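A.B. asks: Below you will find the structure I want to go over with you.
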Amino acid sequence: MYAFAYQRPTTVRQVQSALGKHDDAKLLAGGQTLLPTMKQRLASPSAVIDLGHVAGLSAIEKKGRNIVIGAMVRHADVATSDLVREAIPALAALAGGIGDPAVRNRGTIGGSVANNDPSADYPAALLALGATIVTNKRKIAADDFFQGMFTTALDDGEIITKVSFPVPAKAAYVKFPNPASRYAMVGVFVSKKGSDVKVAVTGASNEGVFRAAGLEAALKAKFNAKAVEGVAVDGSNFISDIHGTADYRANLVNVMTKRAVTKALGK
Amino acid sequence: MISVSMTVNGKAVSAKIDPRTLLVQFLRENLLLTGTHVGCDTSQCGACVVHVDGKAIKSCTTLAATCDGASVVTIEGLAHDGALHPMQEAFRENHGLQCGFCTPGMIMSAIDIVNRKGHDLDEHTIREELEGNICRCTGYHNIVKSVAAGAHAMAPK
Ligand SMILES: Cc1cc2nc3c(=O)[nH]c(=O)nc-3n(C[C@H](O)[C@H](O)[C@H](O)COP(=O)(O)OP(=O)(O)OC[C@H]3O[C@@H](n4cnc5c(N)ncnc54)[C@H](O)[C@@H]3O)c2cc1C
Ligand code: FES
Ligand code: FES
């Protein structure tokens, strides 16, 4: 790891001014992605700004019909939160399936969302639940936020402070984990609210998380696993690697969607 | 250099460190607590698991600086007055180790599992919860047995 200056601000405003003072500063949340990247010397920030002591980033609250989760809330705390388990059990289950227990004790929702790894779990939940990402500057709809592999709408120096999730009527997430890394080979999050159905897919595409329009249309017509049968998934821009070809992943998207719908219906 | 202070195995420690010092380096190189191991250094194997404020974390993927003010427990902090912790004793009794390299991390993770899931652990739960700990010797069978036995032994009498 290359040397860096370490800063430990206690307010979002101080974070902002610390970011302004360094050319190439990085925010440190749980460090479960940033530190491995720095150890491999794939990142070499001049300064690391630790969000661990910043006030106001660690609450889980119910606000009206939304569950609002602070950026620094750890995966383990989402997984075990009574509020989340009651309102959006699919989201609690998703958080409980990220990596392993030690990773879940450190990793945060803000870090995962800001990173937008093409195989990460949270981005699928945010897209399929129509979540809103709140930053120190503005609110961004999930549909506008995720802009391709490791790319988001965040500007330089923009800090995620929380994520707000509307409570769905039904939802479920099913992932086919890579047997070694446990990252999603394909993960599908399905949600239903009134007549609206959203299907978000992670792990499959070279462009990162996306909404599957064809599957959504089929499920809007009829919300059951059978409706998805035979609906083609365009895998032309899917990931092909030693773990599976693009065609294999395209088929997995369909299979995972069926399982997610069945799970959402409580069957 | 920055200053850090924390409690390690009940003792207050302070030091001036380079900000890039990982918690595991701080434990092994500054405090000479070499029971915490580095198996992979890429966040996968769990040999480096310690408890920070009561939670299992990978000390190779944590900066010592972020643990300022925290309470850290390592494998060296488990035995008291010459008596092994019940989880350590269970690993010994059940032949839960061969080379022993993964064992400190296994035991710290195992105690964390008991703290979260209680004393009655079935095999499936133990295997799922040990997701982040890799052993290249034992085939896991006796580790799972050890964790189940240790969990029982940790129950208040
Ligand atoms: C062994 C292992 C297995 C894993 N398995 C999975 C898995 O199965 N599924 C999965 O989804 N993830 C997995 N992860 C990744 C894990 O979920 C990370 O915790 C997560 O991707 C990053 O969160 P973090 O809090 O650790 O962020 P950090 O590593 O601290 O930061 C990541 C990036 O986000 C930026 N950032 C952090 N917080 C903010 C903020 N509030 N505002 C703006 N930018 C911010 C940082 O500057 C950095 O660029 C795994 C990680 C490991 C080590
Ligand atoms: S050394 Fe930390 S996880 Fe392997
Ligand atoms: S006993 Fe040798 S690695 Fe586990």
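A.B. asks: Hey, any hits in the range A:112-130 for a residue that's closer than 25 Å to A:Gln16 by Cα, away from ligand 3 (no atom under 16 Å from the Cβ) and β-branched (Val, Ile, Thr)?
C.D. replies: yes
A.B. asks: Counting only residues that are more than 8 Å from chain A (Cβ to nearest Cβ) and either under 26 Å from B:Lys117 (Cβ atoms) or within 10 Å of the chain's Cα centre (by Cα) (or both), how many does the range B:28-43 have?
C.D. replies: Result for the range B:28-43: 5.
A.B. asks: Would you say A:Arg259 is closer than 29 Å to A:Ile60 by Cβ, basic (Lys, Arg) and assigned to a loop (DSSP other than H, G, I, E, B)?
C.D. replies: Judged against the criteria, A:Arg259 is not a match.
A.B. asks: Which one of these does B:Arg127 not meet: (1) within 16 Å of ligand 3 (Cβ to nearest atom); (2) over 16 Å from the mean Cα position of the chain (by Cα); (3) in a loop (DSSP other than H, G, I, E, B); (4) within 14 Å of chain A (Cβ to nearest Cβ)?
C.D. replies: The single condition B:Arg127 does not satisfy is (3).
A.B. asks: So which residues in the range B:104-131 are within 16 Å of ligand 2 (Cβ to nearest atom) and surrounded by fewer than 22 Cβ atoms within 10 Å (Cβ to Cβ)? Give the derivation first.
C.D. replies: Residues of the range B:104-131 that are within 16 Å of ligand 2 (Cβ to nearest atom), as a first pass: B:104-110, B:112, B:129-131.
Hits for the range B:104-131 are B:Asp112, B:Glu129, B:Glu131.
A.B. asks: Now for a different question. Taking the range B:99-157 only, how many residues are over 20 Å from B:Gly35 (Cβ atoms) and more than 16 Å from ligand 1 (Cβ to nearest atom)?
C.D. replies: In the first step, residues of the range B:99-157 are kept if they are over 20 Å from B:Gly35 (Cβ atoms); the result is B:116-129, B:131, B:139-142, B:144-145, B:148-149, B:151-153, B:155-157.
Cutting the leftovers down to more than 16 Å from ligand 1 (Cβ to nearest atom) gives us B:116-127, B:139-142, B:144-145, B:148-149, B:151-153, B:155-157.
Qualifying residue count, the range B:99-157: 26.
Let's see how each residue does on (1) in a helix (DSSP H, G or I); (2) open to solvent by 60 Å² or more (accessible area, probe 1.4 Å); (3) of a type in the set (Lys, Arg):
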site: A:Ile140; (1), (2), (3): no, no, no
site: A:Thr161; (1), (2), (3): no, no, no
site: A:Ser164; (1), (2), (3): no, no, no
site: A:Ser191; (1), (2), (3): no, no, no
site: A:Glu207; (1), (2), (3): no, yes, no
site: A:Leu215; (1), (2), (3): yes, no, no
site: A:Ala227; (1), (2), (3): yes, no, no
site: A:Asp247; (1), (2), (3): yes, yes, no
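A.B. asks: If you scan the range A:208-237, which residues turn out to be touching a Phe, Trp or Tyr at 6+ places or on another chain (Cβ under 9 Å) and over 16 Å from A:Tyr122 (Cα atoms)?
C.D. replies: Looking only at the range A:208-237, we keep the residues that are touching a Phe, Trp or Tyr at 6+ places or on another chain (Cβ under 9 Å), and these are A:208-210, A:235.
Listed by number, the list holds a single entry, A:Gly235.
A.B. asks: Quick one: which strands (runs of 3 or more DSSP E) sit completely within the range A:1-88 and have at least 1 residues that are at pLDDT 95 or above and within 9 Å of another protein chain (Cβ to nearest Cβ)? Walk me through how you get there before you give the answer.
C.D. replies: Values: elements: A:5-7, A:25-28, A:47-50, A:60-63, A:66-70.
So the answer is A:5-7, A:25-28, A:47-50.
A.B. asks: Out of A:Val197, A:Val231, A:Val201, I need the residue that is in a loop (DSSP other than H, G, I, E, B) and surrounded by 15 or more Cβ atoms within 10 Å (Cβ to Cβ). Which one? Can you show your working first?
C.D. replies: Values: A:Val197 fails: in a loop (DSSP other than H, G, I, E, B); A:Val201 fails: in a loop (DSSP other than H, G, I, E, B).
A:Val231 is the lone residue from the list that is in a loop (DSSP other than H, G, I, E, B) and surrounded by 15 or more Cβ atoms within 10 Å (Cβ to Cβ).
A.B. asks: Quick one: in the range B:44-58, which of the residues that are out of contact with any His (no Cβ under 7 Å at 6 or more places or on another chain), assigned to a loop (DSSP other than H, G, I, E, B) and more than 9 Å from chain A (Cβ to nearest Cβ) is nearest to ligand 3 (Cβ to nearest atom)?
C.D. replies: If we filter the range B:44-58 for residues that are out of contact with any His (no Cβ under 7 Å at 6 or more places or on another chain), which is where we start, we get B:44-46, B:49-58.
Still in the list and also assigned to a loop (DSSP other than H, G, I, E, B): B:44-46, B:53-54.
From what is left, the residues that are more than 9 Å from chain A (Cβ to nearest Cβ) are B:45, B:53-54.
On the way: B:Cys45: 9, B:Asp53: 27, B:Gly54: 25 Å.
For the range B:44-58, the residue satisfying everything is B:Cys45.
A.B. asks: Oh, and also: All but one of (1) surrounded by 19 or more Cβ atoms within 10 Å (Cβ to Cβ); (2) in contact with a Ser or Thr (Cβ under 9 Å, 6 or more places away or on another chain); (3) within 14 Å of chain B (Cβ to nearest Cβ); (4) not charged (D, E, K, R) hold for A:Gly96; which doesn't?
C.D. replies: Here A:Gly96 meets the rest and fails (1).
A.B. asks: Return the residue satisfying two criteria in turn: it lies in the range B:36-54 and is within 14 Å of ligand 1 (Cβ to nearest atom) and in contact (Cβ under 8 Å) with a residue 40 or more places away in the chain, and of such residues it is nearest to B:Thr103 (Cα to Cα). Quick ask: steps written out before the conclusion?
C.D. replies: First, pick out the residues of the range B:36-54 that are within 14 Å of ligand 1 (Cβ to nearest atom): B:39-49.
Now restrict to residues that are in contact (Cβ under 8 Å) with a residue 40 or more places away in the chain: B:39-40, B:44-49.
Values: B:Gly39: 11, B:Cys40: 14, B:Gln44: 15, B:Cys45: 11, B:Gly46: 10, B:Ala47: 7, B:Cys48: 10, B:Val49: 10 Å.
Across the range B:36-54, the extreme among qualifying residues is B:Ala47.
A.B. asks: Which residues, taken from the range A:22-55, are of a type outside the set (A, V, I, L, M, F, W, C) and loosely packed, with under 13 Cβ neighbours inside 10 Å?
C.D. replies: Our first condition is that a residue be of a type outside the set (A, V, I, L, M, F, W, C); within the range A:22-55, this holds for A:22-24, A:26, A:30-33, A:36-37, A:39-41, A:44-46, A:50, A:52-53.
Those that are of a type outside the set (A, V, I, L, M, F, W, C) and loosely packed, with under 13 Cβ neighbours inside 10 Å: A:Asp23, A:Asp24, A:Gln40, A:Arg41.
A.B. asks: Now for a different question. So, in the range A:120-138, how many residues would count as being in a loop (DSSP other than H, G, I, E, B), in contact (Cβ under 8 Å) with a residue 24 or more places away in the chain and more than 13 Å from A:Ala200 (Cβ to Cβ)? Talk me through it step by step, then tell me what you get.
C.D. replies: First, the residues of the range A:120-138 that are in a loop (DSSP other than H, G, I, E, B): A:120-121, A:129-131, A:136-138.
Then keep just the ones that are in contact (Cβ under 8 Å) with a residue 24 or more places away in the chain; that gives A:120-121, A:129-131, A:136.
Applying the additional criterion that residues be more than 13 Å from A:Ala200 (Cβ to Cβ) yields A:136.
Final tally of qualifying residues: 1.
A.B. asks: Any chance you could count how many residues in the range B:59-111 are more than 14 Å from every other protein chain (Cβ to nearest Cβ) and part of a helix (DSSP H, G or I)?
C.D. replies: Summing the residues that are more than 14 Å from every other protein chain (Cβ to nearest Cβ) and part of a helix (DSSP H, G or I) in the range B:59-111 gives 12.
The values are calculated or read from the model by the stated rules, or taken from the named source; none is laboratory data. Just so we're clear, the structure is a prediction, and the values are computed from it rather than from any experiment. Glycine also receives a Cβ, built like all others from the backbone with ideal geometry; neighbour counts cover every protein chain displayed. What goes into the accessible areas is simple: the full protein's heavy atoms, side chains included, and nothing from ligands, DNA or RNA. Shrake-Rupley method; radii C 1.70, N 1.55, O 1.52, S 1.80 Å.
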